[in-house]
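Everything below concerns the one structure shown next.
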Amino acid sequence: MKTKKELTCIGCPMGCLVSVELEDGAIGEISGNSCPHGKEYAEKELTYPERTLTSTIPVDGGEIRMVPVKTALDIPKDKIFEAMAQVRKMRLTAPIEAGNTVIKNIAGTGIDIIATRTVNVGVWI
Amino acid sequence: MKEKEDYFMLNKELVIIGAGPAGLAAAVRAHEKGVSDILILERDDAPGGILNQCIHNGFGLHTFKEELTGPEYAGRFIDKVRELGIEIKLNTMVLDISRDKLITAVNPDDGILEIRAGAVILAMGCRERPRGALNIPGSRCAGIFTAGTAQRLVNIDGYMPGKEVVILGSGDIGLIMARRMTLEGAKVKAVVELMPYSTGLKRNIVQCLDDYGIPLLLSHTITKIGGKKRLESVTISEVDESRRPIAGTEQTIDCDTLLLSVGLLPENELSRICGVELSPVTGGAIVNESLQTSVPGVFACGNVLHVHDLVDNVSAESYLAGETAAAFLRGESSGREILIKTSGGVRYTVPAYVSPSHVTQPLEVRFRVGEVYKNSFVSVYFDGQRETHLKKRILTPGEMEQVLLRPAHFKKHSDCKEISIRVEAD
Ligand SMILES: Cc1cc2nc3c(=O)[nH]c(=O)nc-3n(C[C@H](O)[C@H](O)[C@H](O)COP(=O)(O)OP(=O)(O)OC[C@H]3O[C@@H](n4cnc5c(N)ncnc54)[C@H](O)[C@@H]3O)c2cc1C
Ligand code: SF4
């Protein structure tokens, strides 16, 4: 079956609307992009889209209440909600160093969640 | 040892107000340029400014060649400031700056603090336009927040402001919060934008809205707010070219939360008190190539000067302020020689004035345009003669642009009276 998919390239502010022809899921002709970057972007988005997930986790005994975290590398886009469900169940205890792993192998992706801010022991007011 | 007392008097070579990315970068560079007696004053309980609540990634691609989150980007500068031993006073609110650079501040440890500064760098950042500036009819019910306030509640305080959300304005903070609230389990029903285009970055529209199937309604506005104690619904309408609601296009959306993301304003209460001349276009100070305001020895950088979309530009600008403040402290002065005229779509430039003798390396002039231009040129004229003609595939109000004024330009036009920057069709 032939279908068409449109997506906005995020490579630059032009924001070209790139259309991709799909034949039984396989990528066919790509048009609408003003430069090669748009084609590359569309191919990646349609075959293996990935995102960085960032969130926060509550901390006990720290100088701040929430520690910001992120996936150490991008994870598949369709794993975002599963990853979030796991993140939302977590609670941590200070101290935490920026860069520390706080969840291993999030949502079975093989990628860890790491802290992006240092939280020293303390009391928040 | 100093006794704790109500009144405290200090002398400092350089005082920086605000420990966001602007203040921190300015401090680092001033220190590198030989100023050792520096004090940073910050009203919050931690350095880092707005970046502490911007937990998403997308910072520092230009500065560090990698994508960092806000706290990580701030962390790099905080570490550097600590390493250099630069003093930061936290929980310290600056209340007043006099024209002769006497600063009054207050904090719980010192009480009232007076500091005589040799030079001052203003780096207070910006604040969001509040609801009052919007004029939406409807009751004053709970559940209406600026997007930045919601961001602070969720990311710093760990508190979700609501479950069913509509966002007015498609600025980046609103887009980022649409995704953030969705990930935390809320239903974001729509982002409503008055203009026919979004002022947010394309990347944010794709990764914060499209990824989660959140509709972006362009040329729409909110015409009514429903609910008595707590927000219950908003009514939206399409608008015509002159941005007036079109009768018959109303639809009501049930929601308990409305986030406003309708623009940022430089935070210039203190600058005003100090007598700094402000631009009616940017809301920030009018500065020369040294980023010096109309008050000698008072400099400005970052969002307090003009609103930036990229923190990398904030850092670059603030390095310059640190450098020129150091030069001022060594006794170099700078004035206001040539005014940069703007026309043809260019809304403002920073700096607004240039002294040719101070342009010893290419000078970055940043500006914004008033509307979207495709396939056009940015031109720079020296006394009516075109010296720069840059082809631009796209110029949008949402993205800050820059051109370089080079020492060679000033050498060629040694008697230059006027510089003008404009957008041209060809
Ligand atoms: C929500 C949001 C999302 C963003 N997303 C991105 C992005 O994805 N990528 C990117 O590159 N850029 C992004 N930016 C832009 C960038 O982060 C900002 O432009 C930059 O942080 C501004 O730095 P600043 O130091 O000028 O201001 P701020 O960070 O606001 O710092 C100003 C500091 O001054 C202090 N202060 C103010 N008044 C006083 C006073 N009277 N006394 C003492 N202290 C005072 C404040 O407490 C604050 O700490 C974003 C900005 C916002 C607001
Ligand atoms: S295709 Fe090229 S020109 Fe178009 S948005 Fe992508 S990067 Fe920009």
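The values are calculated or read from the model by the stated rules, or taken from the named source; none is laboratory data. None of the values given here were measured: they were computed from a predicted structure. Methodologically, a virtual Cβ is constructed for each residue, glycine included, from the backbone with ideal geometry; neighbour enumeration extends over all protein chains shown. These accessible areas exclude ligands, DNA and RNA; they are computed on the full protein's heavy atoms, side chains included. Shrake-Rupley method; radii C 1.70, N 1.55, O 1.52, S 1.80 Å.
For the range B:219-248: of the residues being of a type in the set (A, V, I, L, M) and open to solvent by less than 70 Å² (accessible area, probe 1.4 Å), which is farthest from B:Lys189 (Cα to Cα)? Spell out how you get there, then give the answer.
So in the range B:219-248, the residues of a type in the set (A, V, I, L, M) come out as B:222, B:225, B:231, B:234, B:236, B:239, B:246-247.
From what is left, the residues that are open to solvent by less than 70 Å² (accessible area, probe 1.4 Å) are B:222, B:225, B:231, B:234, B:236, B:239, B:246.
Numbers: B:Ile222: 14, B:Ile225: 15, B:Leu231: 14, B:Val234: 11, B:Ile236: 12, B:Val239: 19, B:Ile246: 21 Å.
Only one residue fits best here, namely B:Ile246.
Only one of A:Ala83, A:Ala72, A:Ala94 is open to solvent by less than 70 Å² (accessible area, probe 1.4 Å) and facing chain B (nearest Cβ under 10 Å); which?
A:Ala83
Which of the residues belonging to the range B:146-157 are over 21 Å from the mean Cα position of the chain (by Cα) and farther than 17 Å from B:Ala46 by Cα?
Applying the first criterion (over 21 Å from the mean Cα position of the chain (by Cα)) to the range B:146-157 yields B:154, B:157.
B:Val154 - this is the single residue of the range B:146-157 that is over 21 Å from the mean Cα position of the chain (by Cα) and farther than 17 Å from B:Ala46 by Cα.
Residue under question is A:Thr101, and the condition is that it be surrounded by fewer than 22 Cβ atoms within 10 Å (Cβ to Cβ), more than 9 Å from every other protein chain (Cβ to nearest Cβ) and in contact with a strand residue (DSSP E or B) (Cβ under 9 Å, 6 or more places away or on another chain); does it hold?
Considered against the rule, which asks whether it is surrounded by fewer than 22 Cβ atoms within 10 Å (Cβ to Cβ), more than 9 Å from every other protein chain (Cβ to nearest Cβ) and in contact with a strand residue (DSSP E or B) (Cβ under 9 Å, 6 or more places away or on another chain), A:Thr101 comes out as yes.
Just give me the residues in the range A:11-51 being open to solvent by 40 Å² or more (accessible area, probe 1.4 Å) and either within 16 Å of ligand 1 (Cβ to nearest atom) or within 12 Å of chain B (Cβ to nearest Cβ) (or both), in sequence order.
Within the range A:11-51, A:Gly11, A:Cys12, A:Pro13, A:Leu17, A:Ser34, A:Cys35, A:Glu50 meet the criteria.
If I filter the range B:185-198 down to residues being away from ligand 1 (no atom under 16 Å from the Cβ) and outside any strand (DSSP E or B), which single residue comes out as farthest from the other protein chains (Cβ to nearest Cβ)?
Only one residue tops the list, namely B:Leu194.
Any idea how many residues of the range B:199-218 are open to solvent by 30 Å² or more (accessible area, probe 1.4 Å) and either among the hydrophobic types (A, V, I, L, M, F, W, C) or part of a loop (DSSP other than H, G, I, E, B) (or both)?
7
If you take the residues in the range A:106-122 that are within 25 Å of B:Gln53 (Cβ to Cβ) and more than 13 Å from chain B (Cβ to nearest Cβ), which one is least open to solvent (accessible area, probe 1.4 Å)?
A:Ile106
For a quick check of your reading of the model, give me the residue pairs whose first member lies in the range B:13-41 and is hydroxyl-bearing (Ser, Thr, Tyr), whose second is crowded, with 24+ Cβ neighbours inside 10 Å, with beta-carbon atoms closer than 8 Å and at least 6 apart or on different chains.
Here the result reads none, with nothing in the range B:13-41 linked to a residue that is crowded, with 24+ Cβ neighbours inside 10 Å.
Please find, among A:Ala85, A:Ala98, the residue that is modelled with pLDDT of 95 or more, outside the structural domain of A:Cys9 (by TED's automatic domain parsing) and within 18 Å of B:Ile156 (Cα to Cα).
Selected residue: A:Ala98, the only one of A:Ala85, A:Ala98 that is modelled with pLDDT of 95 or more, outside the structural domain of A:Cys9 (by TED's automatic domain parsing) and within 18 Å of B:Ile156 (Cα to Cα).
Go through B:Leu24, B:Leu61 for me and flag whichever is within 8 Å of ligand 1 (Cβ to nearest atom), open to solvent by 80 Å² or more (accessible area, probe 1.4 Å) and among the aliphatic types (A, V, I, L, M).
Selected residue: B:Leu61, the only one of B:Leu24, B:Leu61 that is within 8 Å of ligand 1 (Cβ to nearest atom), open to solvent by 80 Å² or more (accessible area, probe 1.4 Å) and among the aliphatic types (A, V, I, L, M).
Considering only residues that are on the phi > 0 side of the Ramachandran plot, part of a loop (DSSP other than H, G, I, E, B) and within 12 Å of another protein chain (Cβ to nearest Cβ), which ones fall in the range B:31-59?
Within the range B:31-59, just B:Gly48 meets the criteria.
Just the residues that are more than 8 Å from chain B (Cβ to nearest Cβ) and open to solvent by less than 30 Å² (accessible area, probe 1.4 Å), please, taken from the range A:54-67.
A:Ile57, A:Val59, A:Gly62, A:Val67
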